[in-house]
Amino acid sequence: MSEENRDEKRVLGHIKRQKEAQNRRSQFEHHWDDLTRVLLPRRQGFMTTTQDGDQRVEDIYDGTPMQGARSLANTVGAMIRPEGQDLTTIRTENEDLEQLGEVQDWLGRSTEQLNEAIRDPRARFRQATGEVDLDLVVLGTGILYLGMGVTQDHLLFQSVHLKDGYPLFSDEGIPVGLYRTKKMYLWQAELMFGLENLSRESQEKILNKKQDEKVDCLYSVQKRKNPKNDPIFSKDMPYEELWMEVQAKHIVREKGFNDFPFVIPRWDTSSGEDYGRSPGMIALPDANTLQSMGETILVAGQRVADPPLMAPNDGAFSEVNTFPGGMSYYDVETASQVGGNPFFPLISGANLPVTRDMQTDIRNQVAAAFFKNILNLPQSGPQMTATEVIQRKDEFIREVGPVFGRFETDYNHPIAERSFKIMLRTDAFGEIPPQLQGQNVKFEFDLPVNKIKKQVEAASATQWAMEIMQLAQVAPEARHMVNVDALARFKADAMALPHDI
């Protein structure tokens, strides 16, 4: 079999697998279209055709659901990637090694370099993760690419629209591959891959000055069946990367990755489903109701401000026009019998205060679906006792703790690990101390949720200590149960006080 025929067979196999992946999630795509219509219009296009620059909010009468989704996405970002704070700290699994000065220096220096590389504006970390956060909140699944920039001297983060990305998961629910569909202008394809690597059909179009036509491309990253140990060439790396022209069934470029380059966090998963479930799915029924109510209340308000009028007519009754400012005609003889002003407004009996109350109730339900009532943490003050504040914070931990715990595992950790491995292979961290050779490292995340949890535990410990001290007034031996030094250190750690204090 010729090389060209082998390539065509490979491309056909990938096209078939991508179509199968698309068919498996068809029900999700219908759901995602409904979600994006009212919660995230800029991400529409799963089942409908959209054009760049479309307004996409023609049917929106109430922006509360979109505001709720944006607010929760911003909170997610602040909770798992606090502004002005390092994303992660590099530690070694062997804690005894961390006592060595040389190891401490290397870990501290590497932590600083890793976080600086992630914060580098060229990496576009904040922009890409912000888009993925919104996808998580609304669609339940996000796709983040993590690699090197074109110049190979900085990290690069890019979000992938879920309508174009088709992740593949193992039986354990771990992402192991991804297909991505993309339409490119021919001039873009030439710039990215080089004219000589495109198919004959595409080359002819470019040479005939048709470079503004588009070509359908399929991108694939999957684990190789037989990877080579210590690969030298990218084609031998553990993960295969292919760019293909769909119509021409032509492989444009083949490279590889040492690690899977995509981070695919999911908000929540159901047994047997690969894609995540989101708070937006809970809010969707009420979000749709709000749009219907918003349209109805708008029309009712217009009728009150500009009511339809009744006017005399010499002929028979005409149909009643109840739209704002509408004119309806009635029989003159009837008017003379009933008396009064021949021109009068048509009273519809609308009760705006009641409808506004109903709208407020639905808005509150949407806000609750996006954790608005939970994420507004209480502050101590005259309105709430210290015990009530701790109870509210404890409720907060129970409600959102598991969610942010999953994000630490499925979102932050893959970002930190992949970034660390990329920089390690480029010798960005310098020479590794001999004591760390062959040792494993781990990544720790100082999330606000963890801080709140420590505050709750410290408050409980303090309350217990005070009760023991009161008991010691009648049973002095109870005082020895409290280790005051340990309690003070624990409270200082929970409040993130400087060690000098």
Might you let me know whether the range 253-275 holds any residue that is buried (at least 19 other Cβ atoms within 10 Å of the Cβ) and basic (Lys, Arg)?
yes
Pair list, Cβ < 7 Å and 6+ apart or interchain, from the range 111-139 residues that are closer than 11 Å to Leu155 by Cβ to residues that are in a helix (DSSP H, G or I) and open to solvent by 70 Å² or more (accessible area, probe 1.4 Å):
Phe125/Arg119
Can you say whether Leu144 is closer than 17 Å to Val263 by Cβ, at pLDDT 95 or above and of a type in the set (A, V, I, L, M, F, W, C), as far as the supplied structure shows?
yes
Applying the selection to the range 65-92, what residues are free of Cβ contacts under 8 Å to residues at least 60 places away in the same chain and under 24 Å from Leu139 (Cβ atoms)?
Met66, Gln67, Asn74, Gly77
All conditions in (1) surrounded by 15 or more Cβ atoms within 10 Å (Cβ to Cβ); (2) at pLDDT 90 or above; (3) more than 19 Å from the chain's Cα centre (by Cα); (4) not charged (D, E, K, R) are true of Pro121 except (1)
Selection within the range 38-53 - at pLDDT below 90 and in a helix (DSSP H, G or I)
Pro41, Arg42, Arg43
Positions within the range 160-187 being part of a helix (DSSP H, G or I) and surrounded by fewer than 15 Cβ atoms within 10 Å (Cβ to Cβ), in sequence order:
Trp187
Considering (1) open to solvent by 70 Å² or more (accessible area, probe 1.4 Å); (2) modelled with pLDDT of 85 or more; (3) out of contact with any strand residue (DSSP E or B) (no Cβ under 6 Å at 6 or more places or on another chain); (4) within 19 Å of Gly401 (Cα to Cα), say which one Glu444 fails and leave the rest.
(3)
Give just the number: which of (1) modelled with pLDDT of 85 or more; (2) surrounded by 17 or more Cβ atoms within 10 Å (Cβ to Cβ) does Arg56 not satisfy?
(1)
With respect to Leu178, determine if the residue is touching a residue at least 12 places away in the same chain (Cβ under 8 Å), aliphatic (A, V, I, L, M), within 23 Å of Ile422 (Cβ to Cβ) and in contact with a Pro (Cβ under 9 Å, 6 or more places away or on another chain).
yes
Meets criteria (at pLDDT below 95, of a type outside the set (S, T, N, Q) and open to solvent by less than 20 Å² (accessible area, probe 1.4 Å)) for Ala283
yes
Would you tally the residues in the range 455-501 being under 38 Å from the mean Cα position of the chain (by Cα) and either exposed (fewer than 14 other Cβ atoms within 10 Å of the Cβ) or among the hydrophobic types (A, V, I, L, M, F, W, C) (or both)?
15
Starting from residues that are over 17 Å from Ile174 (Cβ atoms) and not small (Gly, Ala, Ser), keep the ones in the range 400-420 and report whichever is modelled with the lowest pLDDT.
Val400
Going by what's in this entry, would Leu87 be described as in contact with a helix residue (DSSP H, G or I) (Cβ under 6 Å, 6 or more places away or on another chain) and open to solvent by 20 Å² or more (accessible area, probe 1.4 Å)?
no
Pairs where the first residue, in the range 188-213, is open to solvent by 70 Å² or more (accessible area, probe 1.4 Å) and the second is acidic (Asp, Glu), C-beta under 9 Å, 6+ apart:
Glu201/Glu245; Lys205/Glu213; Lys210/Glu204
Quick one: what pairs do we get from the range 225-244, first residue farther than 15 Å from Val176 by Cα, second surrounded by 14 or more Cβ atoms within 10 Å (Cβ to Cβ) and aromatic (Phe, Trp, Tyr), C-beta under 6 Å, 6+ apart or different chains?
Trp243/Tyr219
Among the residues of the range 90-107, which ones are open to solvent by 80 Å² or more (accessible area, probe 1.4 Å), within 17 Å of Phe429 (Cα to Cα) and not polar (S, T, N, Q)?
Glu102, Asp105
When the range 214-228 is examined, which residues are found to be under 16 Å from Gly256 (Cβ atoms) and either hydroxyl-bearing (Ser, Thr, Tyr) or surrounded by fewer than 17 Cβ atoms within 10 Å (Cβ to Cβ) (or both)?
Tyr219, Ser220, Lys223, Arg224, Lys225, Asn226, Pro227, Lys228
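The values are calculated or read from the model by the stated rules, or taken from the named source; none is laboratory data. As the structure is a prediction and not an experimental result, all values here were calculated from the model. In this analysis, Cβ positions are derived from the backbone assuming ideal geometry, glycine residues included, and neighbour counts consider all displayed protein chains. Side chains included, ligands, DNA and RNA excluded: accessible areas come from the protein's heavy atoms. Shrake-Rupley method; radii C 1.70, N 1.55, O 1.52, S 1.80 Å.
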